[in-house]
Each structure stands twice: as C-alpha cells, then as structure tokens.
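The values are calculated or read from the model by the stated rules, or taken from the named source; none is laboratory data. Remember, predicted model here, so these are calculated numbers, not experimental data. Here the Cβ positions follow ideal geometry from the backbone for every residue, glycine too, while neighbour counts run over all protein chains shown. Keep in mind that these areas ignore ligands, DNA and RNA; they rest on the heavy atoms of the full protein, side chains included. Shrake-Rupley method; radii C 1.70, N 1.55, O 1.52, S 1.80 Å.
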Amino acid sequence: MANRANPTPLSGDRNWDGETDLLIVGAGAAGMTAALVGALEGLRVVVCEKSDMVGGTTATSAGTVWIPGSHQSEAAGVPDSITAARNYLAGVLGDDASDERLSAYLASGPTVLDYLERRTSVVFVPPPIHPDYRDLPGAAIGGRALGVLPFDGRRLGNDFDRVRPPRREFMVLGGMMVGKNDIPALLEPFSSWGNFKHAFSLLARQARDRLTFKRGTRLTMGNALVARLLYDLRRLAVDIRYGTALKELVKAGDEIVGAVLTTPTGALALRAGKGIVLATGGIGRSEELRERFLSENTRRYSLTCDTNTGDGILAGERVCGQIDSKLHSPALWMPSSVMKQLDGHLSVFPHIMLDRAKPGLLAVGSNGRRFVNEASSYHDFVQAMLRANGAPANVPSYLICDRSFISDFGIGLVHPGTRDLRRFVDAGYLFEGETIADLAAKIGADGETLSQTMERYNGYAETGIDEEFGRGTSELNRFNGDPTNKPNPCLRKIGPGPYYAVAVWPSDLASSVGLHTDSRARVLQSNGELLKGLYATGADAASIFKGTYPGPGTMIGPAMVFAWRAAMDAAGVLDNYATPTD
Ligand SMILES: Cc1cc2nc3c(=O)[nH]c(=O)nc-3n(C[C@H](O)[C@H](O)[C@H](O)COP(=O)(O)OP(=O)(O)OC[C@H]3O[C@@H](n4cnc5c(N)ncnc54)[C@H](O)[C@@H]3O)c2cc1C
C-alpha cells in the first residue's frame, strides 16, 4: 500500500492508496473493541492511532463497565436484573429513558460480556459491592458494575511499551499500579497475615519489574483492559498503525467511503468497504469544542488523554453528522486538585473516592458555606459546584480537614500518614491555618461564616445526622466512608487545629456531547437521515445517559457495547443477535 505525498480532494472511489473492510479511528476501549470484534467476524481491519501508544483515556481509567443483568454478576453471587436497571434509569432520566439506544444497550450488554469472555481474553467480574451513584428505586449495590481482571504486562513482550501508562498521580514506587483492593494491605501491612502477604508480593514484584521494565507490569483497571485488548488484537494480527491520524472523511453521495489519514510518511487515502468507526475519545482537549460546549469556568482542566483533540467529532460534523448537545450536562466531571511538581509536571488529581466521603472532611465554597453532600459521586459534586442558583458558582471549592484526617486518609496528592506537609504547603497545594479564622483568610472566606459551618458540621458528627445534605445516608456514601467510624461512617468532628484546605476545580473525565447515533452506532445527520458507512462510539458518540452519571462504568460500558454493535453491523451479523429495538 503506497503513501500519497500530495493527496488531492477525494470523492467516490478515485485515487485510493489502499483498501480495507473496517477502518477504526482511535485505539481506546471503543476503537480496540470494534477492531477486535470486526476481526473476529472475519473483516479486514485497520486501526489508525494518532499517538505511539494504544489506550487513550481508557488506559488511565478505572476500567469499570456498567452492564446490568449479566451472567457474570449471577456467577459471582450478586445477581442483578435489566428490569431493575430500567426502573433505576427511569428515575435518573425521566422522559429521556425511552431512547432506543438505551434499550439496545440494556439488551446487548450481557451478550457482549459473554461474547468477549468466550472469544477473547477480556474477562469482567463484579466486585461484591460497587453501588450505583444515585439513591433511587432500582439502584444496585453490587453486580451491575464490573471490573476487568488484572493482566501481566510481560505477556505483551516489547508491545508492553505500547500500552499508555496510568496517570502518574496514581502510581507509586516508580510505576506500580495500586488498585482499591491493594490500599489496605499497603497502608497496614502488619495488621494481618493476609495484608502482609499481599503487600510483600506487590513490593517484591515491583522490585523485580524495575530491573527490566520502565514501570510495573502488574496491570489493573483501565490499563489491564487496554493490555488485554492489545493482546487479542496482536493474536489476530490486526493491522495497527501508530502515529497515524484521521484527517478527513471521504464522502460519495450520502455515504462515507473512506478517509484521508496523516502518517509518519505522508498522507494516505484508505478506502473502507464496510465502514469507518470514529473512536477518537470525544471533545477532549479541542479548544474549539470546549469553547462551543463547556461553560467558561469548566474549561481549565481536563483528565482526558492529551492526544484527544475532538478530531472524530469535528470530522463527522464536516460531513454533515449531527452533534447532539441537548443533554443534562455537556461532560462528566470530577473535582480535581492541581499542583505543579518540582520537575514542571502539572498534576491534576481527581478526587474520585479516597478522601471526600471519609469522616472528618467538608467542602465549602469561597463564601465559607457547604453546598453539597461531599460524599456524593464526583459528577454530582461538581454539578453542585456549578449550580449557582443566582450566586457565583463555587469554582474553585475547598476540601477542609484537620491533621488527623491527613494521617488517617490523606487528601488528594498527600498520601495517608505523610508526616512532612511542607512541600505541599510551599507549592500552594495545601492551605494551612492554626485556627479556622487563619484558614478562612488563606482561602478568601469569611472567618465567622466558616466557623459556623464547622460548628454545625461537628454537631452533625456527634448525632450522626447531617441535617443539611444527608451525608452518610446512601449506600454509595457508606461504601466510600470508613465503616469503623460510628455512628456515621462519613462524619467525625474536625479539629483541633491546625486546619488544612485543598482547592478543587471542575475537570472533565469524559465528554457527553458527541455525534448523534442510532441503536447500531450509525451516525445520523441533522435531518435524521443516516450517514451511511459511518459509526461513532465511545466518547465520540453522544451519551446514551444524556450527560447524567448513573453509576460506575457508564462511559466504558456503552463504549464497548456500541463498538460491538457497530462491528457486528458492519460485518452484517448484528441481526443474528437481534434485540427488540432493532
Ligand atoms: C481517572 C478516570 C477514571 C475513569 N474511570 C472510568 C471507569 O471506570 N469507567 C468508565 O466507564 N469510564 C471511566 N472514565 C471515563 C473513560 O475512561 C472514557 O470515557 C473512555 O475511556 C473513553 O474511551 P474512548 O475509547 O472513547 O476514548 P479513549 O480511550 O480516550 O481513546 C481515544 C484514542 O483515540 C486516539 N485519537 C485521537 N484523535 C485521533 C485521530 N485523529 N486519529 C486517530 N486516533 C486518534 C487517541 O490518541 C486515543 O488513543 C474515567 C476517566 C478518567 C479520567
């Protein structure tokens, strides 16, 4: 297949440099799943990936999928049902719950998990408890959110370097991945024989890995998912082109027939006989799309992969694909704290679940008042920051605690037990005050108001009842709190000083605005007509949950299910798995 030095505008099937059946643009969960399924169904597949690594934001994620009613959940003893999930979604989404894509998702989800388990190395298992994010009828406590099994990166040989590493902030000891289940053993290795054995094996493995590899090879969460997908793509000899980016889609009549790609050796025009799957990870860092769809006070920080620059959505729009932005929120959020490291690296640390729900922390706006149940989901926390009700939005907000909280749980980048906080205070990351009034002055709040807020909170800690925001009342709150803390796992008195605060900002973990698609992941035009030959999935497609965040895994779940549906449709076999909405 030759490269074209100077491609002329293409239409129809003239001037192609090569041909494939299915062209996949972007190698995250969405693109890699579509590629894998396409190859398994006998299609010739080319994956073009802009960077020199696979994984995108997926590789830095927790890798959880939210798929109701699976056999895996039943086998693990935490059965779930699609009917319960449908009830739950009706509560979360109201009228929007009647979307045909949602029905297709619910119907196909378990099939996709089984298909992957049967034919690939991608196996998901639900932890016993991983609650949904909203306290509504039909919400699950466990069984609906599934995690991928860890993977040994050594099985990839030299291609281990092709797996995008996790976020630097989430690795310890020169590149060791730490999953939620590893934390107790690492924090208290001598508290039990089990903890000791687990901590010892993690540390010994890391020490061995560091002799040969740039980082630890025991991969968990999103990194394990990506590594497993890459392992299978290699096994099936799928053609992955690194450093190769989508530039333009080529249209003939009302059909997309191929694409022009930029490659390390020039432009390449590739014809795709069965279709193109856009999976470039959504709005990401695209300044143009951030300006169009995100409010100004949310544009500053993004947790998405830095090579995601909205290319798929913009290319889709240029060929008349419709962008769906009529959503509850244009993006899914996390509150993140930010610190410039000594080597110049800007750490953006997402406060997912390690500190906000723990007892002895509260969040205030710069007016010194609480505005949210701090233990709610990261998305709901930021939505509350932005819900100004006429007043200025709480951007940034401040997480406040005392010294013993930092010893017990850590806060953001400050690990539990950290003795010397000077580095964090000097970097402007931690605000420190001997008294509440001192701290209030540092964060620009009124001392009297902050004292009253703290007093009220401490009163709630005594009774165990948060009369303002109900902290500690939901399954999610209690799951992320401290079960040993009584009477409420999420409330304990703050003080005496010194007191500490960390500023948190809205940061997008994914966009929910994206291309309008149908139940087969086919892109639609603004007149409702199909754009034949073009699929979009993952964050390139508009959220099926309309910018709400029902539970853990509600991005990668749909990304993979609709990638499967797209590839099956392109291969002409989706109807063998017909669902009532097809
Ligand atoms: C800290 C964190 C934790 C998260 N945890 C979860 C979780 O547990 N469960 C969940 O559901 N969601 C989670 N998310 C969100 C989730 O990770 C993303 O929404 C999802 O991984 C996006 O997958 P994707 O395949 O659409 O894109 P990505 O995984 O971002 O992949 C996109 C790929 O496309 C490539 N690309 C970009 N432009 C081009 C181009 N022009 N040509 C070719 N290639 C291109 C990129 O380089 C990248 O490799 C989390 C996010 C964060 C930040």
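Table: residues versus (1) charged (D, E, K, R); (2) more than 9 Å from the ligand (Cβ to nearest atom).
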position	(1), (2)
V250	no, yes
D254	yes, yes
A279	no, no
E288	yes, yes
F293	no, yes
L303	no, no
D306	yes, no
G310	no, no
A315	no, no
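The selection criterion, being in a loop (DSSP other than H, G, I, E, B), acidic (D, E) and open to solvent by 10 Å² or more (accessible area, probe 1.4 Å), does not hold for E462. Each residue in region 373-401 was checked for being more than 15 Å from S329 (Cα to Cα) and open to solvent by less than 10 Å² (accessible area, probe 1.4 Å), and 6 pass.
Condition check: aromatic (F, W, Y) and crowded, with 20+ Cβ neighbours inside 10 Å. Does F409 satisfy that? Can you show your working first?
Values: aromatic (F, W, Y): yes; crowded, with 20+ Cβ neighbours inside 10 Å: yes.
So F409 passes the test.
Which one is modelled with the lowest pLDDT among residues in region 157-191 that are part of a loop (DSSP other than H, G, I, E, B) and within 22 Å of the chain's Cα centre (by Cα)? Talk me through it step by step, then tell me what you get.
Filtering region 157-191 down to residues part of a loop (DSSP other than H, G, I, E, B) leaves 164-167, 173-175, 178-179, 188-191.
This time we only want the ones that are within 22 Å of the chain's Cα centre (by Cα), so: 164-167, 175, 178-179.
On the way: R164: 97, P165: 95, P166: 93, R167: 87, G175: 79, V178: 78, G179: 74.
Restricting to residues being part of a loop (DSSP other than H, G, I, E, B) and within 22 Å of the chain's Cα centre (by Cα), the top hit is G179.
When you scan region 210-325 for helices (runs of 4 or more DSSP H) that lie fully inside it, which ones turn up with 3 or more residues that are on the phi < 0 side of the Ramachandran plot, open to solvent by less than 10 Å² (accessible area, probe 1.4 Å) and out of contact with any strand residue (DSSP E or B) (no Cβ under 7 Å at 6 or more places or on another chain)? Talk me through it step by step, then tell me what you get.
On the way: elements: 221-235, 287-293, 311-318.
Per the criteria, 221-235.
Determine whether region 37-50 contains at least one residue that is under 15 Å from the mean Cα position of the chain (by Cα) and within 10 Å of the ligand (Cβ to nearest atom). The answer is no; no qualifying residue exists. Remark: pairs (first residue in region 251-280, under 20 Å from W564 (Cα atoms); second residue open to solvent by 10 Å² or more (accessible area, probe 1.4 Å) and among the polar types (S, T, N, Q); Cβ separation under 9 Å; 6+ apart in sequence or on different chains) = T280/T307; T280/N308; T280/T309.
Listed by position, the strands (runs of 3 or more DSSP E) inside region 482-549 whose residues that are within 14 Å of the ligand (Cβ to nearest atom) and not aliphatic (A, V, I, L, M) number at least 3 are 499-511.
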